[in-house]
Amino acid sequence: MGKIFFAMIVGMLLSLFSSQQLYAGEITTLVNKLVEKGVLTPVEARNVLDETKQKAAKDTAGGNPCAFPKWVQAMNLKGDLRLRYQWNKKKSSGERYRGRYRLRLGSEIKIIDSVKVGFGLATGGTNPRSTNQTMTNTFETPDIRLDYAFAEYSNWPWLTVYGGKFKRKPVLWQPCDLLWDSDIRPEGVAAVINRETGPNLDLFLNSGVFVLNESGSGVSDSMMYVVQPGLKWKISEGASLKTAFAYYGFSGVKGAILDHSARTNSLDSNNHLIYGYNSIGPSLELGVKKPLNNLVPYFALFCDYINNYSLSHNNQGYLLGIKFGDKKLKEKGQWQAEYMYRRLEKDAWLDTFPDSDFYGGGTGIKGHELIFNYALKKNIALGLDYYYAENIEGPKRPENLLQVDIQLRF
């Protein structure tokens, strides 16, 4: 792990000072600082320095004195910085204004042709549903934490296996955040199968076993099991359909107390979950390029549905949405707009996973969301996100939330 951290820092220096030679003394100073901070052990530091010297000597003999070791050159480093102004107001509560920021940095390194290692760092605390850092506490210096760390094995074109803590997108498809906050990184193992069955049709199967809580006793560990078959169909040159049907099974959840819960599921007096959660649901997205005589570059209709069949009441949820504009923001002047309506009943889904910005990430809620993004420059975008949410039962206590973002990718 220490070598990975060192590789990340050297990779950053390479990208920032590619036109300058980095001398051996500077690298030694950098490694010594990492030892001081506890990132590398003295043994790891010596190994890294020895390998760097050997690689440098080899590259010098080959006529390239400024080249970095191959394991550094193989890194694909990328990240983003988001600056945010946030306002929210809930009925019977005061208004709140916050300045927030988020920094993420990650890399993927191919070890051999069939094996890849990925890792990422991010701001934020231990909350798995947020990498935001609020501006507060008299210029306090916040922590950078491990966001994800995984190994990927792909020896066949149709199968990829993941292990560790990984991004959700490669192993589970959802068209929206009804069920999953975008910051959540599952932990465990997952397998993804993709098969092209014709020029216009691809089939896929996502599956995984994820650890929720490790209690020290295998009998009472809380686990999650996912199977999601689906397809991608190119209907015509300008239209496509992607759909999937997911099964989410849980063990060791009934009677448990899950960390980072919004405490909106049905609980007993000691905050233990009263019910089990085994859910099924389809997801769908239909996209069309340049509809209505090229009125917009892209239009899509999407929806998501969940049903906790372990129960017969307060057990369903759904989201309906549309988006239009440019499919991706790549160049200055491109834009996207999106509207969603959602309703998620009290025990349709575990309240540890939904979007934390929508009424605190709880269940038993309904409401609207509007999003607009505009590319100010290449890799720099302005984002506006507005939420209106309220409780389904009892006092409505509506909440308004507005986020204004400047997003910078590198």
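Relative to the current alpha-carbon distance between Asp143 and Tyr341, full extension at 0.36 nm per residue lengthens the span by 67.8 nm.
Candidates Gly163, Tyr97, Leu146 compared by Cα position along the dipole of the stretch 82-171: farthest toward the positive end lies Tyr97, with charges placed on Cβ. Once you reduce the stretch 316-388 and the stretch 198-237 to the center of their Cα atoms, the two points are 23 Å from each other. Solvent-accessible surface of the chain, averaged per residue with a 1.4 angstrom probe and all protein chains in place: 53 square angstrom. A cut-off of 5 Å between modelled amide H atoms, ignoring neighbours fewer than 5 places along the same chain, links Leu40 with Val35.
Surface composition of the chain: carbon and sulfur make up 57 percent of the accessible area, probe 1.4 Å. Ordered by 1.4 Å accessible area with all protein chains kept, Leu284, Leu241 run largest first as Leu284, Leu241. For the chain, the relative contact order works out to 11 percent when only alpha carbon pairs closer than 8 Å and six or more residues apart are counted.
Three semi-axes describe the equivalent ellipsoid of the stretch 221-337; taken as square roots of 5 times the Cα gyration tensor eigenvalues and ordered largest first, they are 38, 16, 12 Å. Calculated from the structure at hand, volume of the Cα convex hull per residue in Å³ is found among (1) 197; (2) 239; (3) 129 as (1).
Working from Cα pairs under 8 Å separated by at least six residues, relative contact order for the stretch 210-283 is 28 percent. Helix 24-36 and the longest principal axis of the Cα set of the chain meet at an angle near 50°.
The values are calculated or read from the model by the stated rules, or taken from the named source; none is laboratory data. Just so it is clear, the model here is predicted, and its values are computed rather than measured. Cβ: placed from backbone, ideal geometry, glycine included. Neighbour counts: every protein chain shown. Note: accessible area is taken over every heavy atom of the protein model, side chains too, but ligands, DNA and RNA are not part of it. Shrake-Rupley method; radii C 1.70, N 1.55, O 1.52, S 1.80 Å.
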